[in-house]
1. Rounded to two decimal places and with Rh computed the Kirkwood way over Cα pairs, what is Rg over Rh for segment 1-141?
2. Calculate the length of the line joining the C-alpha centroid of segment 85-130 to that of segment 18-33, in whole Å.
3. With r as the distance between the Cβ atoms of residue 61 and residue 137 and R0 = 45 Å, compute the FRET efficiency 1/(1 + (r/R0)^6) and round to 0.05.
4. Sort 40-53, 82-95, 7-20 by packing, meaning the average of other beta carbons within 10 Å per residue, with the highest value first.
5. Please state the relative contact order of the chain as a whole percent: Cα pairs under 8 Å, 6+ residues apart?
6. State, to one decimal in nm, how far the label point of residue 160 lies from the label point of residue 145, with both points 7 Å from Cα in the Cβ direction.
7. Can you compute the helix-only [θ] at 222 nm over the chain? Use -39500 (n - 2.57) per DSSP H run of at least 4 residues, normalise by all residues, nearest 500 deg cm²/dmol.
């Protein structure tokens, strides 16, 4: 499947609110689909003490950035970046999935989320809904520039 999502880094206040909203903690394995520079991965492990974080990114330049970010934070033992299209990678071990994609991509991703995630897995989407799913919470958060971002929290098994 072909899709294009422009690289726009999620502001750090939004990253932290996404992970807080998902209730990330020491038992969680966080997957960031389209992980960019790896900031969600780093914050999930460093600040929320996630057991493991996995980023999937198809842009080799972003993969390099993410891997450098992970090494610079000394997190290479708990954070992995996979250079691939997230449609090709099994995400079944995830307890939390983070997204900052487009609505059309979220819609295309929905069957994968439904097939591979176990009930209770949390999916947090920055700015864009997952069509056909009902969020359990919707939160607005301001970034450092005063711009408002909407975050959608979905829970597999309570999503429809």
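1. Working: Rg = 13.7 Å, Rh = 14.9 Å.
Ratio value, two decimals: 0.92.
2. Between the Cα centre of segment 85-130 and that of segment 18-33, the gap is 13 Å.
3. Numbers: r = 34 Å, r/R0 = 0.75.
The computed FRET efficiency comes out at 0.85.
4. Details: 40-53: 21.8, 82-95: 15.4, 7-20: 18.7.
Highest-to-lowest ranking by the protection proxy: 40-53, 7-20, 82-95.
5. On the way: 331 pairs, mean separation 35.1, N = 160.
Over the chain, the number comes to 22 percent.
6. Distance between the two pseudo-spin positions: 3.8 nm.
7. Counting only the DSSP helices, I get -8500 deg cm²/dmol.
Read the figures in this text as sums done on the coordinates, not as results from a lab. It should be emphasised that the depicted structure is a prediction, and the values quoted were computed from it without experimental measurement. Here Cβ is always computed from backbone atoms with ideal geometry, including for glycine, and neighbour counts include all displayed protein chains.
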